[in-house]
Amino acid sequence: MRKAIALALLCVVQTVFAADDGRWRFGTGVHYSTGTYGGTIDTTILAIPVNLRYETGPWVLKLSVPYLEISGASTVIPGIGPVNGNNPPGGTVQSNASGIGDSTVSATYSAYYNPASRAGFDLTGKLKLATGDENAGLGTGSNDVSMQIDAYQGMEGYTLYGSFGYTIFGDSPIVDLQNVFYGYGGLSRRLNETDTLGFEIDLRQGASPAPLAQRELMGFYTRRFDRTWRGEAYLFKGFSDGSPDWGAGATLGYSF
């Protein structure tokens, strides 16, 4: 199974690299979160993703592979939250794990954009690949598909945006995951030619037994250093048992 997943990732990368036009962006960063997820044990997750993006015409292709370090409850899975499928007979225990997490590939198509009104919407398909070791709590062990629509509206230095999507979970060997709707919305303010501030609300439908509902509020700051370098810093707060209590992170991207 993992060999098939690796071959699928290789095919995606080869397809993207075969293109000879468009614009590339390579990025990395650090993401830290901590929380009890409704339990008694603090779980901290440190993620260092490697991101590759290719943009050509109306299409944007992305590949993300994270390295994870997890310390805390054995029942907490990154991106999912607490589950009972990997809960040992004696109850939740403290565990530590590190390694590659589940990877994501996506394709976004700019379906509509009106320069006069600065309004538009995109269509996105995502495939989450089970590259993380589910027995170590680094992933779910399932290949999942998400479909998403993104809409945005520019207004006098502001951009209002929102997304609505649906995730179809594959068969996980450690937990029964139910399909869920999710969405997020936010407002960004362009301060000048290089700096932008904004906030975002992220929501996910709860399912029984998993995943639990997710509610998070995030503030972010982005800076475009020049035509090639761009950075972002963010801080977020969780408001449900499916989310960490709080978290923070930063990313850095290089376009060529």
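The values are calculated or read from the model by the stated rules, or taken from the named source; none is laboratory data. Note that the structure is a prediction, hence the values are computed from the model and not measured. Neighbour counts run over all protein chains shown; Cβ positions are idealised from the backbone, glycine included.
Checked against the criterion of being at pLDDT 95 or above and among the hydroxyl-bearing types (Ser, Thr, Tyr), segment 83-97 contains not a single residue that satisfies it. Evaluated against (1) of a type in the set (A, V, I, L, M, F, W, C); (2) free of Cβ contacts under 8 Å to residues at least 24 places away in the same chain; (3) over 30 Å from Ser74 (Cβ atoms), Leu203 falls short on exactly one condition, (3). Considering every residue within segment 100-116, establish whether at least one is touching a Leu at 6+ places or on another chain (Cβ under 6 Å), surrounded by fewer than 16 Cβ atoms within 10 Å (Cβ to Cβ), within 26 Å of Gly27 (Cβ to Cβ) and hydroxyl-bearing (Ser, Thr, Tyr). For segment 100-116, residues touching a Leu at 6+ places or on another chain (Cβ under 6 Å), surrounded by fewer than 16 Cβ atoms within 10 Å (Cβ to Cβ), within 26 Å of Gly27 (Cβ to Cβ) and hydroxyl-bearing (Ser, Thr, Tyr): present. Would you confirm whether any residue within segment 62-69 is among the acidic types (Asp, Glu) and modelled with pLDDT of 95 or more? Looking through segment 62-69, at least one residue is among the acidic types (Asp, Glu) and modelled with pLDDT of 95 or more.
Would you confirm whether or not segment 25-39 contains a residue that is under 19 Å from the mean Cα position of the chain (by Cα), surrounded by 15 or more Cβ atoms within 10 Å (Cβ to Cβ), modelled with pLDDT of 85 or more and among the charged types (D, E, K, R)? Yes, some residue in segment 25-39 is under 19 Å from the mean Cα position of the chain (by Cα), surrounded by 15 or more Cβ atoms within 10 Å (Cβ to Cβ), modelled with pLDDT of 85 or more and among the charged types (D, E, K, R).
The sole residue among Asp176, Asp202 that is farther than 21 Å from Ser64 by Cβ and not hydrophobic (A, V, I, L, M, F, W, C) is Asp176.
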